[in-house]
1. Within a 10 angstrom radius of the beta carbon, how do Phe3, Phe82, Phe51 rank from fewest other beta carbons to most?
2. For a quick check: sort Trp132, Trp323 by the number of other beta carbons within 10 angstrom, fewest at the front.
3. Quick one: dipole size for segment 2-241, taken about the Cα centre, charges +1 on Lys/Arg Cβ and -1 on Asp/Glu Cβ, in debye to the nearest 20.
4. What's the magnitude of the charge dipole for segment 108-208 around its Cα centre, counting Lys and Arg as +1 and Asp and Glu as -1 at the beta-carbon? Answer in Debye, nearest 20.
5. If you average the alpha carbon positions of segment 121-158 and of segment 202-246, how far apart do those two centres end up, in angstrom?
6. For segment 19-50, which GluC sites (Glu not before Pro) pass both filters: DSSP loop (anything but H, G, I, E, B) and at most 14 other C-beta atoms within 10 Å?
7. Given Cα pairs under 8 Å that are at least 6 residues apart, what percent is the relative contact order of segment 245-334?
8. Over segment 1-80, what is the mean sequence separation of C-alpha contacts under 8 Å (at least six apart), divided by residue count, expressed as relative contact order in percent?
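Values in this text are rule-based calculations from the coordinates and carry no lab data. Owing to the predicted nature of the structure, the values given are computational and were not obtained by experimental measurement. Using ideal geometry, Cβ is built from the backbone for each residue, glycine included, and neighbour counts are taken over all protein chains shown.
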Amino acid sequence: MKFVHAADVHLDSPLRGLERYEGAPVEQIRGATRKAFVNLVNLCIQKRVNFLILAGDLYDGDLLDYQTGLFFANQMSKLREFGIKVYLVQGNHDAQSEIAKGVRLPDNVHTFSSGEPHTLVDQELGVALHGWSYPTRAVTEDISQRYPDPLSGFYNIGILHTSLDGRPGHDHYAPCSLQNLINRGYDYWALGHIHQREIVTEKPLVVFPGNLQGRHVREAGAKGCIYVEVSGGQTQIDFHPLDVVQWAVCTVNLGGIETPAEAIDTAVEQLRSHISISRDKLYAVRFVFQGATAVHHQLQKDKEHFIYNLRAAVNDVSRGGVWIEKVLFETRQIADIHRLLEEYPSLKNFFAILKELAEDDTIGPEIAAELKGFYNLIPQEAVFGDDGLNINDSEFLRAIMIQAQKMIIDELVS
C-alpha cells in the first residue's frame, strides 16, 4: 500500500503586502501554492499511490474566489482518472471558507464530516482511516479522545488537524497530548496545522508534513509532502519537496570584515553554501548581517548603495534565480564590553534582566498584557504580516530584547 500525506495547502493564499517590496515577483509567488499542488498531484500519479491524505487547511480562510475551488476539483478529477482516492479533513481555515462548502467534488474525494470522529474503510487495501473536520474555526477541546478504536486486522490511520501540545507561531487548536495519540493504538497519525515538518515520534508514526508551499520568510526551508509505503508490517516514509518558491534566511557574520565589498563577497559565498540554486525554483532570501565589525558605520551610512550592490552580485551568480526579499543590518561597532560595564555598572544588572526575560517563555503573556493598550493604537498594517508587531509571539519578544541590548551598546560606543 502506498499513500501520500500532505496538509496546509492554503490554496491561493493572498499573501498581502508583497507590493511593498520593490521588484518582488508578486505573481510568481502568489501562484506558487497552485503550482506546488500540481506537483503534489503529479507525484501521486508518478508513484501510483492508492490514496492521498489532506490533513486540513486546503483553503485559506475567507477567500471567496470560486476559481480556487474549481481548480481543486479539476486536480481531483485528474487523480480519479488514475484510480487514486482522496481523504481529507477540514481544518480551522476551511471551517470559515465558503469555497469548502460550495464546490462539488468528484466521487474519489471523501471528506470527513464535522460531527463525531468516524471511520472510512477500504476493505481491498485493508486500511481504516479515522478522521473529523472542524465545524468552526476555533476548536479548543481535545478531539483525539473521541476518535474511534482501531479496527483489528486493518492498518489504522488517524487524520487530525491539531496544534498537538503547542508549537510557536500557531494557534492552539484541537490540542492533545502525544500520549493520547499513542494510546489510540493507530499505526500512523496524519497530522496538519503546524507548518514546520516534524516526525513527532516513530512508534507509532506521528507526522506533521508541514505546509506544501512556504508563503513568507517565517516558513523557510524545503516544503512538500510525506510519501508512505506500507509492506510486510513495516512503514517507510520519505519527504518529497514540492515547493516552487523556497524562502531562506541567510545570516552573515561580518566579524573580521574590513570593507563593504568584502561583506558582499562573504554574503554571496554564504548564500552558495546555504542553497542549491536551481532553474526550477525561485529562492526568496532574507539577508541578515550581524556581528561586531569594522564596516558597521559604513553600512549604516549608505545602506541603499550596499543593498544595490548586493542585489547585483546575487543576481549575477544566481542568474535571476534568487530574489532578495529584505536586508537586515544587525551589526555593531567593535566595542570593549568589559570597559563599558566598568564605566556603567548598572548595565550589568540591566543586561542580566534582559537575558532572563529573553530566556523565560512564561513572561510573554505578561508583557503582552502590559502592552495591550498601546498595541490597540497601532495601525493594522503594522501589526499583521511576517514582520508585524506580534506581541503574542515569544520569538518576536525575544528578538526585541536582544536588539535592545545591541542598540544600547551602539549608542554608548558612539
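1. Values: Phe3 26, Phe82 13, Phe51 23.
Lowest count first: Phe82, Phe51, Phe3.
2. Values: Trp132 25, Trp323 20.
Placing the least packed residue first, the sequence is Trp323, Trp132.
3. 460
4. 180
5. 20
6. Here the GluC sites (Glu not before Pro) that fit, given the DSSP loop and packing criteria, are Glu22.
7. Contact order relative to length: 40 percent.
8. Values: 76 pairs, mean separation 39.9, N = 80.
The normalised contact order for segment 1-80 reaches 50 percent.
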